[in-house]
Amino acid sequence: MQYPPGGWDLRAHNGRVVTVNEEVLGRWAQLFDEPGTPALEARLFSSVTTSDLGALDILSTQRQRLSHHVYSFTQGLNETNAKRDGTIRWETGQPGSWDEGAAGLHFTVATPLSQQPRPQCRNAQDYDAFNLELLPAQIVPRTNYQRDCDRDTYVARLDHWNGRPFTDHWRAAWRAMVDAGTERSLHAALVPPGPAHVNAIHASFDARIDNSNCRFVEHTAV
């Protein structure tokens, strides 16, 4: 952590003294290795603080794992190739609908609406954050990429899940670039049908579920 005036706090801290014994190794084996792996053969985890051990203990007791599910996965449109073959073009603008936003996802933790590019977007600083308390009932975020081919060609070039483009489904999306030392590692959100994205974002959904007919339900917060 940094001091308020600047400079890193490099002092020793008891929370960084992590004791790894056979009991801890047993829980790591439950979490990271094949069932039945002996504790002394567990793969090692580079723990940072004692708080990490508590989180890993909870995860190791969960019976449901991702490997138990049949899920589909996409990286979206490859940004370089999609520009080269005329699928999308860089042009900041307001799409007519969510499904016209070729790269309309700027999300943060648990919300698909984090920020949008300014009308003249030139760099990573040209973005404005949404005020989630003042959002209208219906909103289409501004996007930097627009569709650059006919609709049928565009849809055909998207990855398909259960015979439909991935943009027809609700899906869990997360940033491809993860910095485990900051909150960026937590940037994931449930994204509704409509917007596509480029490969800076990864997304998946449970392939056994047809969620294409799900819709937002408006409600009044009390």
Lone unmet requirement of (1) within 27 Å of residue 186 (Cα to Cα); (2) loosely packed, with under 11 Cβ neighbours inside 10 Å; (3) in contact with a helix residue (DSSP H, G or I) (Cβ under 9 Å, 6 or more places away or on another chain) for residue 80: (3)
Residues (outside any loop (DSSP other than H, G, I, E, B) and either under 23 Å from the mean Cα position of the chain (by Cα) or within 30 Å of residue 17 (Cβ to Cβ) (or both)) located in region 70-85: 71, 72, 73, 74, 77, 79, 80, 81, 82, 83
Subset of region 14-51 [modelled with pLDDT under 90 and hydrophobic (A, V, I, L, M, F, W, C)]: 17, 18, 31, 32, 44, 45, 48
Residues (among the aliphatic types (A, V, I, L, M) and within 12 Å of residue 196 (Cα to Cα)) located in region 83-114: 88, 102, 103, 105
Within region 119-146, considering residues that are part of a loop (DSSP other than H, G, I, E, B), more than 17 Å from residue 196 (Cβ to Cβ) and among the aliphatic types (A, V, I, L, M), the one most open to solvent (accessible area, probe 1.4 Å): 134
From 39, 103, residue being over 24 Å from the mean Cα position of the chain (by Cα), open to solvent by less than 30 Å² (accessible area, probe 1.4 Å) and of a type in the set (Gly, Ala, Ser): 39
Check on residue 176, of a type in the set (Gly, Ala, Ser), surrounded by fewer than 17 Cβ atoms within 10 Å (Cβ to Cβ) and either free of Cβ contacts under 8 Å to residues at least 40 places away in the same chain or within 24 Å of residue 94 (Cβ to Cβ) (or both): no
Among residues of region 183-222, those that are modelled with pLDDT of 65 or more, in a loop (DSSP other than H, G, I, E, B) and farther than 14 Å from residue 110 by Cα, counted: 10
Pair list, Cβ under 6 Å, 6 or more apart: region 82-97 residue farther than 16 Å from residue 120 by Cβ, other residue part of a helix (DSSP H, G or I) and open to solvent by less than 20 Å² (accessible area, probe 1.4 Å): 88/82
Output for region 147-182, where each listed residue is out of contact with any Phe, Trp or Tyr (no Cβ under 8 Å at 6 or more places or on another chain) and part of a strand (DSSP E or B): 164, 165, 174, 175
Pair list, Cβ under 7 Å, 6 or more apart: region 128-139 residue on the phi < 0 side of the Ramachandran plot, other residue open to solvent by 80 Å² or more (accessible area, probe 1.4 Å) and at pLDDT below 90: 137/218
Residue 60 vs. criteria open to solvent by 90 Å² or more (accessible area, probe 1.4 Å), out of contact with any strand residue (DSSP E or B) (no Cβ under 9 Å at 6 or more places or on another chain) and among the small types (Gly, Ala, Ser): no
Among the candidates 51, 67, residue that is within 23 Å of the chain's Cα centre (by Cα), in a helix (DSSP H, G or I) and polar (S, T, N, Q): 67
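The values are calculated or read from the model by the stated rules, or taken from the named source; none is laboratory data. Values in this document were obtained by computation on a predicted structure and should not be read as measured data. Every residue, glycine as well, gets a Cβ built from its backbone with ideal geometry; the counts of neighbours run over all protein chains shown. Accessible surface is based on the protein model in full, side chains and every heavy atom, while ligands, DNA and RNA are left aside. Shrake-Rupley method; radii C 1.70, N 1.55, O 1.52, S 1.80 Å.
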